[in-house]
Amino acid sequence: MEADSSLLSSEMELQQQEELYQQLLIQTMGKMQSENPRDSRVIRPQPGLCVKTFTLPDKRKVFVNICQSAAVPPPPPLSREALVELLESEDPTGYRVPMSIGEAHTEVDNNSQGCTAYDVVISEDFFQKCQDPLFQQFLIAVSLEGLENKYNLELSRDWKVLKNRKFLGSVNEQNIRTKSKPVIQEIEPKDTHTAPEPAKRPEFCLLVEPPVGDPEFLIAEIQLPGVASSLSLVLDLGEDRLVLNARPSLFHLDCFIPFFIDQEGSVAQYNTNTQILTVTMPVVSS
């Protein structure tokens, strides 16, 4: 049985287009990263509480300084009843607390022994809410989880809050990222008009490149039927969150991303023919 030469030719063209796309993608990402240095803001957080724990399995002493600052945005509103339901749910990780995690610094404890300390900065409004013991336990748990994810640690959950100390070491200034809005480039604009609709969640998919091995890029393809121009789109990217609004109240998407991404190095393109927004996000290696 002879192969259809037209089909083979079509498959080769698709493969060549995919290879060209990957080359252009990598070149574009490199250019964007070089032209857009990370924006940051220097803050001096206020001491909050100091938590003592240790690493596993070697049991090295660790102190976590949980600090507060008005520069860090608060998480979504959460009542005590909702927190109880969240902790009893199958996936309590669906609720995220914005925080800035600093680098490790060496300190000396009360026994004149060397130890490691980390500074975690959260919203001062949410910190006040954590005077409630249940919220405080939740805050400590998510802070330890954040440290584990960022620095590839394993920390004991047998922790202790120090009563007479709010901070170990000296309070230092810390750089925090400011939110960035990727410039949305428009492809082949055309004049169309669509009547406003109630805001709804658009259909979208997340693709990982390469499909196997360590991910280098995360690509979001968001379908926005009825959106005539990128001028009506507002896109915000966090370290692990994507928020998109299509005005006036046409679409709203708020989703968490399974990897930490480079916000400033991300690229967004809106194709007005297909009405698909493509967001290409470099994955930050752990």
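The values are calculated or read from the model by the stated rules, or taken from the named source; none is laboratory data. These numbers were taken from a predicted model, which means no experiment stands behind them. Backbone-built Cβ (ideal geometry, glycine too); neighbour counts: all protein chains shown. Calculation scope for accessible area: heavy atoms of the full protein, side chains included, ligands and nucleic acids excluded. Shrake-Rupley method; radii C 1.70, N 1.55, O 1.52, S 1.80 Å.
How many percent of the accessible area of the stretch 208-286 is carbon or sulfur, using a 1.4 Å probe? The value for the stretch 208-286 is 54 percent carbon and sulfur by accessible area. Remark: the stretch 133-142, residue by residue, has Karplus-estimated 3J(HN,Hα) of x, 5, 5, 5, 4, 5, 4, 5, 4, 6 Hz, where x stands for each Gly or Pro and the curve is 6.51 cos²θ - 1.76 cosθ + 1.60 at θ = phi - 60°.
With all projection directions averaged, the alpha carbon convex hull of the stretch 127-174 covers 4.4 nm².
Among 220-228, 117-125, sorting by the average number of other beta carbon atoms lying within 10 angstrom of each residue, highest first, gives 117-125, 220-228.
Averaging the inverse of every distinct alpha carbon separation and then flipping it gives the Kirkwood radius. What is it for the stretch 95-145, in angstrom units?
12.4 Å
Can you give the accessible area per residue of the stretch 46-173, in Å², using a 1.4 Å probe?
Working: 7080 Å² over 128 residues.
Here the residues of the stretch 46-173 average 55 Å² of exposed surface.
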